[in-house]
Amino acid sequence: MDHFLYRDGELHAEDVPVAEIAAEVGTPFYCYSTATLTRHFRLFDEALEGMPHLVCYAMKAASNQAILKTLAGLGAGMDVVSGGEYLRARAAGVPGEKIVFSGVGKTREEMRIALEGGVRQFNVESEPEMAALSEVAVSLGVEVPITVRVNPDVDARTHAKIATGKSENKFGIPIARAREVYAEAARLPGLKVIGIDVHIGSQLTDLEPFRMAYEKVAELTEVLRADGHEISRLDLGGGLGIPYERSNAAPPLPTDYGALIRETVGHLGCEVEIEPGRLVAGNAGILVSKVIYVKSGEGRDFLILDGAMNDLIRPAMYDAYHDIVPVREPAPGVEPAKYDIVGPVCESGDTFAKERVMPAVGEGDLVAFRSAGAYGAVMSSEYNTRPLVPEVLVHEHQFAVIRPRPTFDEMINRDTIPAWL
Ligand SMILES: *Cc1c(COP(=O)(O)O)cnc(C)c1O
C-alpha cells in the first residue's frame, strides 16, 4: 500500500496534487511520501515486536538526509556500505551506535571514519578485511564489535545482478569456513566477536531462500557458541521484495517475514537486526516525468519522456518493470494505447518499457513511474549533461524540495581546465 492515489481526477502524493509539485519544481523529479516510508518502516518494526531488535534501514536504497531523518525519528538504525554513507547518516542525526557498517571492500580510511565517529558494529566480509580492521582499531585504541558475513550458498531466486548469497558471489565468507575465520577473529586484537551476519540478495519474492539461510545461521550459532564465541546478535540482512507489477502475485509481507525469523532463530536468545532497503523506500517514491513527443514509428508508437536512464537506470540495468501511469486520471472506458516508452538519451538501452499498454497520453502530459523510491535517485547520474534529478518529500499537505536540480552553470563549472590548455 502507498499514498499515491487518484483524487478528484488527479494523482496525489498524500494530500498534494503531483501536478502542483511539477509546476513548481519542473520535471523530471522524484517524489517521496512520508506516510508510506513511515508505514513500511513500522511494518518491519512491528513484525519483530517482542524480540530484542533493531531495524537498520539499508540507506543505499534512498539516502537523502530528509528520508534518513524521517526514519531515524521512528527509531531506525542505518545499514551503511561506504564512508560517505556513514557520514551522511551522521549528518542526518543518526547516532553512531545505531549504524551498522556493511560492504565487501571497506578501505582503512572508511574504517577510521566510522571508528572515530562511533559505530554499532562492522559486518566483516573477508579475512584480509578483518586483519585491516584489527590494525586500524588497535591504532585508534578501540575495540570494535564485529559480525562475520557468511555466505550460506543459497539461491535467492532473484535477478542475477542482485543475488548475493551463492558461493560464486563476491560477498561474505563461505559458511563452511566459518569456524576457522571466527577463530582467527577471536585471536586478533581490537576486534570483539558479537554475532553473525547474512544477506542473500534483493527483491526476493519468496520466503524459502530466507528460511534456508536463517536455518544455516541458527545451526552455525550453536556451533560457534560451542567453540566459545559470544554470539548474541544476528544481522539477517535485507532483501524482501516489493510488488512492482500489480498484476503479479504479491510478495510475502513483513509480518510473514517476521514470523519466519521467530521460527528460525527466535529460540537462540539473540538480538536481531534486519536491513530492509527496497521495501521501506520502493513504493514510497515515484518518478514524475513529462511527455516531450509521441512519435509514430514503424508498427509502433514511441512515448518520448523528459526522464531518462540517467534518472532511473533500473529498467536498463536489471530489465526492471515499473508501472507508468498518467498523472491526470484517465476517463473511465478510454481505449488503452500501446507504446515503447523511452527517454532522450542517446542509447537504445534508454528504454523504460516496450509495447506497454497504458491509457493514451499526449505531448505535455505528466506520467508517474510507480515504485521508483528505491535504487532510483541514488543511482542517477548526469549522463548526457542532464541535470541530476531533484527530489521532493511530501508530508500530508506540505512538500519540500530535498535536493534541488543543479543549474547548468553549476554542472559546467565543476570541471576545471588544466593550466596547459
Ligand atoms: C543492499 C543491501 C541491503 C538491502 O537490500 P534490499 O533488497 O534493498 O532490502 C541490506 N543489506 C546489505 C548488506 C545490502 O548490501
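From the Kirkwood radius over Cα pairs of region 34-280, Stokes-Einstein at 10 °C and 1.306 mPa s returns a whole-number translational diffusion coefficient of 89 µm²/s.
Summarising the amide proton neighbourhood of Asp155: residues at separation of 5 or more, or on other chains, whose placed amide H is nearer than 5 Å comprise an empty set. For region 280-321 versus region 344-366, the spacing of their alpha-carbon centroids is 5 Å. Candidate membrane-span-like segments in the chain, meaning DSSP H helices with Cα atoms spread over at least 24 Å of their own axis and a Kyte-Doolittle mean of -0.5 or above, are 208-226, with no membrane implied.
May I ask for the Kirkwood hydrodynamic radius of the chain, worked out over all distinct Cα pairs and given in angstroms to one decimal? Could the numbers behind the result be given before it?
Numbers: mean 1/r = 0.0440 Å⁻¹.
Computed over the chain, the radius equals 22.7 Å.
Using the Cβ-Cβ distance between Arg39 and Ala400 with R0 set to 22 Å, the FRET efficiency works out to roughly 0.65. Taking the centroid of alpha carbons for each part, region 218-245 and region 1-77 are 27 Å apart.
Label zone of Met379 (point 7 Å out along Cα→Cβ, amide N under 12 Å): in region 321-353 this covers 321-322.
Sparsely packed loop sites in region 338-421 (the chymotrypsin sites (Phe, Trp or Tyr not before Pro) outside DSSP H, G, I, E and B with at most 14 other Cβ atoms within 10 Å) comprise Trp420.
Per-residue 3J(HN,Hα) values for region 392-402, derived from phi via the Karplus relation 6.51 cos²θ - 1.76 cosθ + 1.60 with θ = phi - 60°, read 10, 10, 9, 9, 6, 9, 9, 9, 9, 6, 9 Hz in sequence order (x marks Gly and Pro). The antiparallel fraction among DSSP beta bridges confined to region 34-280 stands at about 5%. Computed over region 288-421, the percent of Cα pairs more than 24 Å apart is 36. Can you compute the FRET efficiency between Lys338 and Glu180 using 1/(1 + (r/R0)^6), with r the Cβ-Cβ distance and R0 = 60 Å? Round to the nearest 0.05. E between Lys338 and Glu180, to the nearest 0.05, is 0.55.
For Lys354, a cut-off of 16 angstrom between C-alpha atoms picks up these aspartates and glutamates, skipping any fewer than 8 places away in its own chain: Glu245, Glu298, Asp301, Asp319, Asp323, Asp340. Between amide H atoms placed 1.01 Å from N, distances below 5 Å from Met78 occur with Tyr57, Ile99, Val100, all of them 5 or more places distant or on a separate chain.
According to the calculation over all Cα-Cα pairs in region 1-135, the P(r) per 10 Å bin from zero is 11, 33, 28, 18, 8, 2, 0 %. Using C-alpha pairs below 8 Å separated by at least 6 residues, the relative contact order for the chain is 19 percent.
Computed from backbone phi with θ = phi - 60° and the Karplus coefficients 6.51, -1.76 and 1.60, the 3J(HN,Hα) list for region 231-247 is 10, 10, 9, 10, 9, 9, x, x, x, 5, x, 10, x, 6, 9, 5, 7 Hz; x is used for glycine and proline. Exposure proxy shown here: for Thr264, Thr205, the number of other Cβ atoms within 10 Å sets the order, fewest to most, as Thr205, Thr264.
For region 105-152, the fraction of alpha-carbon pairs lying more than 18 Å apart is 18 percent, rounded to a whole number. For the cross-link pairs Lys69/Lys161; Lys60/Lys338; Lys60/Lys290, the ones whose C-alpha atoms lie over 32 Å apart are Lys60/Lys338.
As an exercise, use a Förster radius of 56 Å and the Cβ-Cβ distance of Ala19 and Lys192 to find the FRET efficiency, rounded to the nearest 0.05.
Taking R0 as 56 Å, the efficiency between Ala19 and Lys192 is 0.55.
Placing pseudo-labels 7 Å out from each Cα toward the beta carbon at Leu421 and Arg211 gives an inter-label distance of 6.0 nm.
No value in this document is a laboratory result; all are computed from the given coordinates. The structure presented is a predicted model; accordingly, all values stated were derived computationally and were not measured. Positions of Cβ are backbone-derived with ideal geometry, glycine not excepted, and every protein chain shown enters the neighbour counts.
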